[in-house]
1. DSSP loop trypsin sites (Lys or Arg not before Pro) in the stretch 115-211 with at most 15 other Cβ atoms within 10 Å of their Cβ, which ones?
2. Within the chain, what's the longest run with no chymotrypsin sites (Phe, Trp or Tyr not before Pro) in a DSSP loop and at most 12 other beta-carbon atoms within 10 Å? Give the range, please.
3. Pop the C-beta distance of Gln140 and Asp178 into the FRET formula with R0 = 35 Å and round what comes out to the nearest 0.05.
4. Using the Kirkwood radius over Cα pairs, work out the Stokes-Einstein diffusion coefficient for the chain at 25 °C and 0.890 mPa s, in µm²/s as a whole number.
5. Between Arg34 and Gln2, what is the spin-label point distance in nm, taking each point 7 Å from the Cα along the Cα→C-beta axis?
6. Residue separation times 0.36 nm, minus the C-alpha to C-alpha distance between Cys149 and Arg13: what's the value?
7. Among the listed pairs Lys78/Lys120; Lys96/Lys120; Lys71/Lys158; Lys120/Lys141, which have their C-alpha atoms separated by more than 27 angstrom in this model?
8. Starting from 0.36 nm per residue, how many nanometres of slack lie between Asp81 and Ala160 once their C-alpha separation is accounted for?
Amino acid sequence: MQAFETLLDESARAHGHLCPGQVVGVRMAMLGCRLIDLDEPTRRDQIKKLIVYVEMDRCTADAVAHVTGVKLGRRSLKFVDYGIMAATFLNLETGKAYRVISTEDARDLTAIYAPDIVEKGPRQLAAYRRMPDSVLFRVQKVRVDLDECDLPGPTRRKVACSICGQTIRDRREALVDDYPVCRPCSGTCYFRNAREVSWSGINWTPGEASTRIVKPGSASSAHRLSAID
Ligand SMILES: [Zn+2]
Ligand SMILES: [Zn+2]
């Protein structure tokens, strides 16, 4: 694995800024990978062995994903919305799994590890760089029973919603009176009042931009998606 400072630089660039969450996340990922014996998680031969569960949608999550190379689209990144600053690193080959939790104590100890810095943000940045792993983190050895339908690779199973016909992949359906139902139809999803609508420019395709007639005096109009009327 690359050096901490290199990983932090890259992670901050990908994330958009350097923040205490990047420092914690990079260190969390380095520790997690070390615990499950993956020294180069982004390398081709190791990338398929790693699954990471992140328990928060905060800065730290971006750093963990960046350093480990896990991706939602590859099914190697699992977001579980617990609101806890923790991530679990699972080696699919060995079954080894460790949950690394960022301690609250670390927040209280920043003044001790960076007494030379007064301002809160910079002090956290410096302190989280200096703290030993044992102060910054707690670690739990855990067992993760990963369902076959959650593994990377092709879709294991498809069913049609018995109400709306929507295809549901990988056993994400709910069962209502033993019939498969998609989450929106089951009434247990994150949105409500869904209504199908039309939108202006409904027949636009990416190839169209170059052939579209540009009105005089509006050079950019060919590249602009018109707003909904
Ligand atoms: Zn951030
Ligand atoms: Zn449905």
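A short reminder: the numbers here are calculations on the coordinates, not readings from a lab. If you're wondering where the values come from, they're calculated on a predicted model, not measured in any experiment. Glycine also receives a Cβ, built like all others from the backbone with ideal geometry; neighbour counts cover every protein chain displayed.
1. Passing sites in the stretch 115-211 are Arg143, Arg156, Arg157, Arg171, Arg172, Arg192, Arg195.
2. Values: sites that count: Tyr82, Tyr190, Phe191, Trp199.
Counting only loop sites that pass the neighbour cut-off, the longest clear stretch is 83-189.
3. 0.40
4. Approximately 116 µm²/s, per Stokes-Einstein.
5. That separation, rounded to one decimal, is 1.9 nm.
6. Full extension from Cys149 to Arg13 adds 45.6 nm.
7. Lys78/Lys120; Lys96/Lys120; Lys120/Lys141
8. 25.8 nm
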